[in-house]
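Working notes, beginning with the structure itself.
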Amino acid sequence: NSKVIQTPRYLVKGQGQKAKMRCIPEKGHPVVFWYQQNKNNEFKFLINFQNQEVLQQIDMTEKRFSAECPSNSPCSLEIQSSEAGDSALYLCASSWDRYYAEQFFGPGTRLTVL
Amino acid sequence: GDSVTQTEGQVALSEEDFLTIHCNYSASGYPTLFWYVQYPGEGPQLLFRASRDKEKGSSRGFEATYDKGTTSFHLRKASVQESDSAVYYCALSDMNTEGADRLTFGKGTQLIIQP
């Protein structure tokens, strides 16, 4: 069973509102990934961290999305101004190694933008 | 870019039937291949992975063999159970591309097992 904790499980926002979700990676895992899973079950990589440093992020996250993984605090993903197209399941995964280790996924935060 | 194509939509079987879910990949390098399973309300869980040609991954009665010649990694199980009902994803990570650490997923196959 996954030990990656994501909160909240469900989030409902109006268009233009901020939406913030959190992730506590599995203990001892320095690498954190965020993925978006849309209603068609398609996954999109958003951003990843090693310890507190951003490794890579796609263009989408550079504009309206912000994310951080501060030391001794949960990681977070925030959408500054939500749009209807942002409605999706946001999955956090953690790993003990960037390239070779299994990614363990949390249950996700389901965002609905009305 | 890299991509994964798997059996689309739903596969409906009865208990004890044989399962095959097809997975083919396209990658510029020599990818690691994965099968993940996702149950309702949960994130994907790794079933198993394989990193080399002819390597077989297996778990919980499921298995798949990495075939570089046919760029395939088909999931099979000899006798499915109702508890196997879930969505199955084939995925890859490709060390030779930018973003080698991220997973590229197929679109998922929903397996429905009727008792």
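The values are calculated or read from the model by the stated rules, or taken from the named source; none is laboratory data. Source: prediction; values computed, not measured. Backbone-built Cβ (ideal geometry, glycine too); neighbour counts: all protein chains shown. For the accessible areas, the whole protein counts, side chains as well, though only heavy atoms, and no ligand, DNA or RNA atoms are used. Shrake-Rupley method; radii C 1.70, N 1.55, O 1.52, S 1.80 Å.
Residues in the stretch B:34-51 that are under 19 Å from residue B:5 (Cα atoms) and assigned to a loop (DSSP other than H, G, I, E, B): B:44, B:51. Please verify whether the stretch A:39-50 includes one or more residues that are part of a loop (DSSP other than H, G, I, E, B) and over 22 Å from residue B:105 (Cα atoms). Looking through the stretch A:39-50, none of the residues is part of a loop (DSSP other than H, G, I, E, B) and over 22 Å from residue B:105 (Cα atoms).
Screening the stretch A:53-88 for residues that are outside any loop (DSSP other than H, G, I, E, B) and crowded, with 19+ Cβ neighbours inside 10 Å and picking the one that is nearest to the chain's Cα centre (by Cα) gives A:77.
Among the residues of the stretch B:99-115, the one identified as assigned to a loop (DSSP other than H, G, I, E, B), at pLDDT below 95 and under 22 Å from residue B:12 (Cα atoms) is B:115. Scanning the stretch B:3-33 for residues that are touching an Asp or Glu at 6+ places or on another chain (Cβ under 7 Å) and either open to solvent by less than 40 Å² (accessible area, probe 1.4 Å) or outside any loop (DSSP other than H, G, I, E, B) (or both) gives B:26, B:27, B:29, B:31. Restricting attention to the stretch B:64-98, the residues that are touching a Ser or Thr at 6+ places or on another chain (Cβ under 9 Å), open to solvent by 10 Å² or more (accessible area, probe 1.4 Å) and part of a loop (DSSP other than H, G, I, E, B) total 5. Among the residues that make up the stretch B:34-52, is at least one of them of a type in the set (Asp, Glu) and either within 12 Å of another protein chain (Cβ to nearest Cβ) or over 21 Å from residue B:13 (Cα atoms) (or both)? Yes. Within the stretch B:99-115, the set of residues being open to solvent by 70 Å² or more (accessible area, probe 1.4 Å) and out of contact with any Gly (no Cβ under 8 Å at 6 or more places or on another chain) comprises B:107, B:114, B:115.
Residue count for the stretch A:1-25 satisfying the condition of being open to solvent by 40 Å² or more (accessible area, probe 1.4 Å) and not in a strand (DSSP E or B): 9.
Remark: pairs (first residue in the stretch B:1-22, free of Cβ contacts under 8 Å to residues at least 60 places away in the same chain; second residue part of a strand (DSSP E or B) and open to solvent by less than 50 Å² (accessible area, probe 1.4 Å); Cβ separation under 9 Å; 6+ apart in sequence or on different chains) = B:20/B:11; B:20/B:75; B:20/B:77; B:22/B:6; B:22/B:72; B:22/B:75; B:22/B:90; B:22/B:109.
Of all residues in the stretch B:53-63, exactly one satisfies the criterion of being within 14 Å of chain A (Cβ to nearest Cβ) and either part of a loop (DSSP other than H, G, I, E, B) or touching a Lys or Arg at 6+ places or on another chain (Cβ under 6 Å) (or both), namely B:57.
Somewhere in the stretch A:93-107, is a residue surrounded by 14 or more Cβ atoms within 10 Å (Cβ to Cβ), in a strand (DSSP E or B), among the aromatic types (Phe, Trp, Tyr) and within 11 Å of chain B (Cβ to nearest Cβ)? Yes: the stretch A:93-107 contains one or more residues that are surrounded by 14 or more Cβ atoms within 10 Å (Cβ to Cβ), in a strand (DSSP E or B), among the aromatic types (Phe, Trp, Tyr) and within 11 Å of chain B (Cβ to nearest Cβ).
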